[in-house]
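What follows is a single structure, written as C-alpha cells, with notes after it.
The values are calculated or read from the model by the stated rules, or taken from the named source; none is laboratory data. Just so you know, these numbers come straight off a predicted model, no measurement behind them. Virtual Cβ from ideal backbone geometry, glycine too; neighbours counted across all protein chains shown.
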Amino acid sequence: MKSFGTWLRVGVLGVALGLPHAVWAESLADALIAAYRNSNILDQNRAVLRAADEDVAIAVSSLRPVLTFRAGGGYTHTPITEGLSGTISLLAEMTLFDFGRNAATIAARKETVLATRQALIGFEQDVLLNAVSAYVTLQQRQDAVALRQSNLRLITQELRAAQDRFEVGEITRTDVAIADSRLASSQAELATAQGDLAIARETYKLAIGKAPKTLSRLPKMPRTANNLAEAQTVAKRTHPSIRQLQHEVSAAEAGIALAKANMGPTLTGNLGLTDGSKKADSFSASVTLNQTLYAGGRPSAFYRQALARRDIAQAQLQQTTAQIMQSVGVAWSSVEVAQASIAASDRQIRSAQTAYNGVSEEAKLGSRTTLDVLNAEQELLSARTARLSAQAGYYTGVYSLLARMGLLTVDHLQLGIPTYDPDAYYNAVKSAPVTSSQGKRLDRVLKAIGN
C-alpha cells in the first residue's frame, strides 16, 4: 500500500483536482522573495529609517556656520534730505563651542538609527512569517479540498452500491437514507473547504503581493537549534527587538549626557558685512559666551527626565528579553507537539485504512452494514485531515521558531536576492551634504530606492 504522502501527491492532487502537469510551480522560496519585494510594510519602514538617518545629518549641521543674506531699501523725506537708500548685508553665525551638546546629540541620533534598523529587521521577519503561513495554509486548504472531493466520490459510490443492494433486497431503505444523508453532509463539507480555500487565496495575495499559482510541495525544513537552551541563547544574541532596545538604552544614555551638557555655557561667533548705498559700509565681528544662571529648575528637570527615560529603556529591555525567551520556549514546544501529532496521525491513518478495507470487505459479505462502512470511511477521512493540520502546524511552527530566534531573514534563509542596504542612504547623508560629490551620490541612492 502506498504511503499517505505518496497517495496525497499522486492520487489526490493528480486525479481529484484534475490539475495538468505543471512544468513550473511556485516554491516557498519564490513566495518569500515575492513577499519581500512587494511588501508595502517594508517600503514604509525603510522610509522611516531614512528619516532617522536625516536626524544624524541635522545634528551634524548644527555646529556649522549659518550664512544669511539680507537686502533692504527705503525712501526718506525730511526738510533736509530726500532720496532712496538701500543696504546689502551678509551675516554669519556659528557655534564655536557647545561643551558637548552636539556630540551627545549625534551619539543619540546614531543609536536611534541603529535601533530603527533593528525594527526594520523585525518587520522583515513579520513579512516573511506571514508569507510562510499564507503559503502553508493555502497548500493545506488545497489538499483539504482534494480530500473532500475524494470523500464525496467515495460516498457517492457507497450510495449507488446501497441502492443496488436495496433493489435486490439485501438491505433496507434505512441504509439508503443513511448513505444519502452522508452524501449531503459530504457536499456541505466540500463547500466549506472550497470557501476556506478561497479565503486562503486572498490571504496569500495580501501576504505575497500577487495571486497564487501552482504551488510546489513544501521544501526541506530549515535548521533551527539542537535544543531549547541553544535556541534561547541565539535569540538573546540576535533577536531584533532585543537589539533594538539595546540601542535605545544607549540613546537614552546619550540623552543624559545631552541634558547635562545643556546646563553648561555656549560660545558663539558672529560676522557681519554691510554695503550701504551712501558709502555707509560696515564690518562687525563678535564673540558671545552665554550661560544661563537661573531657569526656574527646568534644566534639572530635563536631566532627571533623561535619567527616568534611561530607566524606562532598561526595564523595557529586560521585560522584552524575558518575553522573547518565553516565546522561544512556546515555539519550541509547539514544534514538538506538531511532530508528535504527525506521528500519531500517521499511525491513525494506517489503522483507519486497515479498518476501512476490512469493513468494506465484510459489508460485501453481508456481515457489516452501510453505516459501518460510512463510519470507517469517516474515521479515515478525519485521520487524513488531522495529518494535514499537523503538517501545516509543524511547518509554520518551525518558521515561527526561527522568527523568535531572530533568524527569519532573507540573508539567513539564503534566498539569493539583493536586499535593502541601510548603509547606502546613511553614508550618503550622514555628513549633511548640500551640493557635492556626496550630494550626487545621494541622488543615485534615491533613484535606486525609487526603482
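Taken across segment 177-195, residues that are under 21 Å from the mean Cα position of the chain (by Cα) and part of a helix (DSSP H, G or I) do not occur at all.
Suppose the filter is at positive phi, of a type outside the set (Lys, Arg) and either touching a Ser or Thr at 6+ places or on another chain (Cβ under 6 Å) or touching a residue at least 60 places away in the same chain (Cβ under 8 Å) (or both); does Gly169 pass it?
Working: at positive phi: yes; of a type outside the set (Lys, Arg): yes; either touching a Ser or Thr at 6+ places or on another chain (Cβ under 6 Å) or touching a residue at least 60 places away in the same chain (Cβ under 8 Å) (or both): no.
Criteria not met by Gly169.
On the basis of being touching a residue at least 12 places away in the same chain (Cβ under 8 Å), in a strand (DSSP E or B) and small (Gly, Ala, Ser), does Gly269 make the cut? Write out each step before concluding.
On the way: touching a residue at least 12 places away in the same chain (Cβ under 8 Å): yes; in a strand (DSSP E or B): yes; small (Gly, Ala, Ser): yes.
Considered against the rule, which asks whether it is touching a residue at least 12 places away in the same chain (Cβ under 8 Å), in a strand (DSSP E or B) and small (Gly, Ala, Ser), Gly269 comes out as yes.
Of note, Glu362 satisfies the criterion of being among the acidic types (Asp, Glu), on the phi < 0 side of the Ramachandran plot and modelled with pLDDT under 90.
Output the helices (runs of 4 or more DSSP H) that fall wholly within segment 356-437 and possess 3 or more residues being out of contact with any Ser or Thr (no Cβ under 7 Å at 6 or more places or on another chain) and among the basic types (Lys, Arg), or say none.
Details: elements: 370-405, 410-413, 422-429.
Passing ranges: none, list empty.
Take the conditions more than 30 Å from Val287 (Cβ to Cβ), charged (D, E, K, R) and at pLDDT below 95 and apply them to Arg148. Does it pass?
The answer is yes for Arg148.
What tally of residues in segment 204-213 results from selecting those that are surrounded by fewer than 17 Cβ atoms within 10 Å (Cβ to Cβ) and not in a loop (DSSP other than H, G, I, E, B)? Result for segment 204-213: 2.
If you go through segment 66-102 and keep only what is in a helix (DSSP H, G or I) and without any contact (Cβ under 8 Å) to a residue 12 or more places away in the chain, you end up with nothing. In segment 396-451, the qualifying residues are those that are of a type in the set (Lys, Arg) and surrounded by 15 or more Cβ atoms within 10 Å (Cβ to Cβ), and the one that is modelled with the highest pLDDT is Arg404.
Just the residues that are in a helix (DSSP H, G or I) and closer than 11 Å to Thr370 by Cβ, please, taken from segment 158-172.
Applying the first criterion (in a helix (DSSP H, G or I)) to segment 158-172 yields 158-167.
Scanning segment 158-172 gives Glu158, Leu159, Ala161, Ala162, Gln163, Arg165, Phe166.
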